[in-house]
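These notes concern the structure reproduced below.
The values are calculated or read from the model by the stated rules, or taken from the named source; none is laboratory data. From a predicted model like this one, the values you see are computed outputs, not experimental measurements. With ideal geometry, Cβ positions are generated from the backbone for all residues, glycine too; neighbour counts draw on all protein chains shown.
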């Protein structure tokens, strides 16, 4: 790819990139020089021409460049991809992943592993990936070669979002792109087994970022009546049941998700204590009327963009209100957000607003984030996308 193209930043927009932020926002760009086309390697420079880094060009995107390197000499080639994947794998190995009790985790976390536009989750001997930029798509074969050589999986699946691919101007692959055909993803998390059919299309297939919080919910659940709203395949619900919950209701709008969840509960020996129901989680929370000792509200992303933030904050406040009403006095509420545009302070404020409307007091006891297999560069606040609050709900 040519390296002559230059993306020159406006005055006043340099410092975040200079400090290590990996994204160049469209509003920061003064001009593009050298005829860059989609996927080309470009240099990002300040108004004086000093090089800030290099990455791949996404014209028309709100983030036209995501930086891979900060110098002018490192080649953005197959060797770089392999080195970054080896480094990412070494980091997970140091975390004890995979291990005898947990075989599923985030292997490549985009910017956190120096590979913006690429997410890879590992499910035992299968890899599930998402490609998020045209530049990475154009180098797909190099990436697949590196994953195959470094990890040695049996199968590599492509689970790229069609919406993301369309926004970047490419056609996503689907299903198995390397190795043996499979029909389901099979994974252990803390000795709990989940088999997820490929037609259940939530992102890469599972939410590994909540593994630590699920372990905490398991500790909190003993003797309690639990509601798992937005349950997907019931990972929170099944953990709560294993932790000794008296009764668990798991709710999701997807008929296939609750069907798979019920099967997973049976496979893990807790099918008698978890009831899966196809229902809008908002309705389940609104109808609960303080019946649950522990409520988990972990909705899908409500603010997919920064422009959707204000509407999302209203939605989180309504969710918090209904979740507080569903929680018995003295009970515990777990409120989560996976929206990068909604930070911890904003989520906490939404909880306070919801609690006030529900005429209760919510006291935050714990704050949780994505696990260490989802690393975040220090200068990249947007990378800390997952936030969760554990709060005690009491009368005012």
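Data overview
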quantity: Breaking point among (1) within 21 Å of residue 123 (Cβ to Cβ); (2) crowded, with 23+ Cβ neighbours inside 10 Å; (3) in the same structural domain as residue 261 (by TED's automatic domain parsing), for residue 194; calculated: (3)
quantity: Residue, farthest from residue 175 (Cα to Cα), within segment 143-163, restricted to residues that are more than 20 Å from the chain's Cα centre (by Cα) and buried (at least 17 other Cβ atoms within 10 Å of the Cβ); calculated: 150
quantity: Filtered residues of segment 147-177 (kept if farther than 22 Å from residue 85 by Cβ and touching a helix residue (DSSP H, G or I) at 6+ places or on another chain (Cβ under 6 Å)); calculated: 169
quantity: Residue 38 being in contact (Cβ under 8 Å) with a residue 40 or more places away in the chain, in a loop (DSSP other than H, G, I, E, B), under 23 Å from the mean Cα position of the chain (by Cα) and not assigned by TED's automatic domain parsing to the domain that holds residue 169; calculated: no
quantity: Residue count, segment 233-247 (criterion: on the phi > 0 side of the Ramachandran plot and in contact with a strand residue (DSSP E or B) (Cβ under 6 Å, 6 or more places away or on another chain)); calculated: 1
quantity: Test result for residue 233, in a strand (DSSP E or B), closer than 30 Å to residue 289 by Cα and assigned by TED's automatic domain parsing to the domain that holds residue 328; calculated: no
quantity: Matching option when the condition is more than 30 Å from residue 183 (Cα to Cα), under 22 Å from the mean Cα position of the chain (by Cα), in contact (Cβ under 8 Å) with a residue 60 or more places away in the chain and crowded, with 23+ Cβ neighbours inside 10 Å, among 106, 66; calculated: 66
quantity: Selected residue (only one of 379, 341 is without any contact (Cβ under 8 Å) to a residue 60 or more places away in the chain and not assigned by TED's automatic domain parsing to the domain that holds residue 19); calculated: 341
quantity: Hey, residue 226 crowded, with 21+ Cβ neighbours inside 10 Å and without any contact (Cβ under 8 Å) to a residue 40 or more places away in the chain or not; calculated: no
quantity: Members of segment 248-292 found to be touching a strand residue (DSSP E or B) at 6+ places or on another chain (Cβ under 7 Å), touching a residue at least 24 places away in the same chain (Cβ under 8 Å) and in a helix (DSSP H, G or I), listed by number; calculated: 258, 260, 261, 262, 264, 265, 267, 281, 284, 285
quantity: Residue 298 being touching a strand residue (DSSP E or B) at 6+ places or on another chain (Cβ under 9 Å) and either at pLDDT 95 or above or crowded, with 24+ Cβ neighbours inside 10 Å (or both); calculated: yes
quantity: Failed item in (1) surrounded by 15 or more Cβ atoms within 10 Å (Cβ to Cβ); (2) over 17 Å from the mean Cα position of the chain (by Cα); (3) under 22 Å from residue 61 (Cα atoms); (4) modelled with pLDDT of 95 or more, with residue 171 passing the rest; calculated: (1)
quantity: Segment 67-82: number of residues that are in contact with a strand residue (DSSP E or B) (Cβ under 9 Å, 6 or more places away or on another chain) and assigned to a helix (DSSP H, G or I); calculated: 2
quantity: Neighbours by Cβ (under 6 Å, 6+ apart or cross-chain): first from segment 70-82, more than 25 Å from residue 14 (Cβ to Cβ); second in a helix (DSSP H, G or I); calculated: 78/142; 81/142; 81/143; 81/146; 82/146
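Residue-wise test of (1) assigned by TED's automatic domain parsing to the domain that holds residue 143; (2) out of contact with any strand residue (DSSP E or B) (no Cβ under 6 Å at 6 or more places or on another chain); (3) closer than 29 Å to residue 150 by Cβ; (4) at pLDDT below 95.
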| position | (1), (2), (3), (4) |
| --- | --- |
| 10 | no, no, no, no |
| 16 | no, yes, no, no |
| 27 | no, yes, no, no |
| 65 | no, no, yes, no |
| 86 | yes, yes, yes, no |
| 89 | yes, yes, yes, no |
| 94 | yes, yes, yes, no |
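Every residue, every condition in (1) at pLDDT 95 or above; (2) closer than 18 Å to residue 246 by Cβ; (3) surrounded by 15 or more Cβ atoms within 10 Å (Cβ to Cβ); (4) over 24 Å from the mean Cα position of the chain (by Cα), yes or no:
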site	(1), (2), (3), (4)
262	yes, no, yes, no
268	yes, yes, yes, yes
277	yes, yes, no, yes
293	yes, yes, yes, yes
